[in-house]
Amino acid sequence: AEDDGTYKFNVDGEVKIVVTFKEKSEEPPAKTTYTVSLEYEQDQGSVTLSPSAQENKYEEGTEVTINITPNDNYEIDTVKANNDEIVANAGAYKFTVNGDTTVTVTFKEKSVEPPVTDDKFAEKWIGNWRGTNYKVNITAQELTFYILSRRGDGISEQLFDTTDMEVSEERIHFKYVDAFDLPYDVYLIIDEDGNMKLFEDKEPDDEPTDTLTKQGAVTPEEPDEPEEPDVPSSSTNPADYVGEWVGEISMGLPSLISATFTVTQTNLGLHGVISASLGDETQEETFDFVLNDENRWYDEENEAYLTLNEDKTEIRISSSTGAEEETVFTFTKGEPELPPSSSTNPADYVGDWEGTDNAQGYVCKITEVAGSLKVELSAPDYGEE
């Protein structure tokens with residue numbers, strides 16, 4: 001056929017022209033295409049489609065894969081096609097085009113798992129906590145527990161060993177034994193205001209025994225060079241220390257009791273004995289001080305310093321176990337002073353007396369024996385004397 005659709009030939013003889021016809025073949029109809037749109041936060045990740053298509057137009061029935069790449073600190077949250085959630089299959093998100101489709105991808109910030117440590121106490125517990133009658137110091141690894149007692153214008157601190165420690169996010173529970181060998185349970189919780197509630201021998205749903213506030217963080221490392229204590233004068237002459245000194249100490253109780261500190265000179269230095277009476281029992285604590293490299297009287301076993309004030313009328317025993325030197329005991333020369341209006345008539349004292357100290361009930365029974373007074377102090381709740 002020519003371009004114009006005609007058929008031509010040259011006649012050289014007789015010719016028989018035969019023309020045959022066939023049915024026209026119908027062309028398949030054009031497939032319908034649909035547009036796929038993408039919605040996502042570009043600062044949180046990127047989203048593409050495969051196979052790619054011009055202007056994201058796909059023929060009906062095409063299977064499309066959604067390629068998702070979250071940015072750092074983000075992860076895939078949801079993937080939807082026209083609000084129908086797409087679930088990943090072997091890590092791939094796919095759907096079939098059956099109409100115009102909007103693909104929506106949302107991201108979320110990655111959840112950061114806290115590092116695994118050997119710390120015993122969470123960050124919220126760590127610090128120096130102080131109340132009216134108690135002090136608690138907590139580092140990541142250790143808890144120390146003190147009972148505070150008034151001493152003149154100052155406060156003495158008695159450290160107690162803790163046992164059976166139980167630690168959770170909500171509370172801390174431990175036990176300690178006082179100077180009378182009475183066991184106590186202590187619970188600690190932190191309230192909504194960030195204060196520590198201390199419950200001694202009572203459940204945490206009761207009224208707290210004391211409320212402690214955080215004074216600052218505890219650093220377990222000790223400084224290389226401890227600061228010098230604020231002591232006006234510290235004599236190196238043993239004779240200035242020798243003798244009997246008197247004072248008041250807590251002996252593990254919230255109230256103070258009278259005590260003596262007897263100092264004698266030895267070949268190596270100074271030997272000191274603190275003596276205090278609890279009923280019929282006398283408790284003693286001994287020290288042995290020698291001059292150290294700083295030319296100060298020091299007891300290495302007890303980690304304690306012995307010093308005098310400027311006029312040599314007051315003697316101090318200071319602890320060196322903390323970041324700063326801290327006075328533990330103070331004694332003065334001479335006999336202890338009697339309180340104002342102190343009767344010398346035994347009959348004025350004889351009888352049963354009751355009282356409380358730090359929310360603990362006590363009974364004091366006083367009897368006269370051969371011209372002397374016998375004092376029996378007991379805690380009825382425990383049946384202990």
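The values are calculated or read from the model by the stated rules, or taken from the named source; none is laboratory data. Since we're looking at a predicted model, the values are computed, not measured. No Cβ is skipped: glycine too gets one built from the backbone with ideal geometry, and neighbour counts run over all protein chains shown.
Report yes if some residue within the range 210-232 is in a strand (DSSP E or B), within 22 Å of the chain's Cα centre (by Cα) and modelled with pLDDT under 85; otherwise report no.
Yes, there is a match, as at least one residue in the range 210-232 is in a strand (DSSP E or B), within 22 Å of the chain's Cα centre (by Cα) and modelled with pLDDT under 85.
Go through the range 112-133 and give me each residue that's at pLDDT 80 or above and more than 18 Å from the chain's Cα centre (by Cα).
Across the range 112-133, the qualifying residues are Thr132, Asn133.
Quick one: in the range 311-326, of everything that is modelled with pLDDT of 65 or more and either of a type in the set (Val, Ile, Thr) or under 19 Å from Leu270 (Cα atoms) (or both), which residue is surrounded by the fewest Cβ atoms within 10 Å (Cβ to Cβ)?
Filtering the range 311-326 for residues that are modelled with pLDDT of 65 or more and either of a type in the set (Val, Ile, Thr) or under 19 Å from Leu270 (Cα atoms) (or both), the one surrounded by the fewest Cβ atoms within 10 Å (Cβ to Cβ) comes out as Thr313.
Exactly one of these conditions fails for Thr286: (1) at pLDDT 85 or above; (2) surrounded by fewer than 16 Cβ atoms within 10 Å (Cβ to Cβ); (3) within 35 Å of the chain's Cα centre (by Cα). Give me its number.
Against the list (1) at pLDDT 85 or above; (2) surrounded by fewer than 16 Cβ atoms within 10 Å (Cβ to Cβ); (3) within 35 Å of the chain's Cα centre (by Cα), Thr286 comes up short only on (3).
All but one of (1) in contact with a strand residue (DSSP E or B) (Cβ under 7 Å, 6 or more places away or on another chain); (2) aliphatic (A, V, I, L, M); (3) modelled with pLDDT of 85 or more; (4) exposed (fewer than 13 other Cβ atoms within 10 Å of the Cβ) hold for Val246; state the number of the condition that does not hold.
(4)
Cβ-Cβ below 6 Å, separation at least six or inter-chain, first residue in the range 332-356 and surrounded by 10 or more Cβ atoms within 10 Å (Cβ to Cβ) and charged (D, E, K, R), second modelled with pLDDT of 75 or more and assigned to a loop (DSSP other than H, G, I, E, B): which pairs?
Hits for this filter: Lys333/Thr313.
Out of Asp164, Asp181, which single residue is part of a loop (DSSP other than H, G, I, E, B) and exposed (fewer than 15 other Cβ atoms within 10 Å of the Cβ)?
That would be Asp181, the only listed residue that is part of a loop (DSSP other than H, G, I, E, B) and exposed (fewer than 15 other Cβ atoms within 10 Å of the Cβ).
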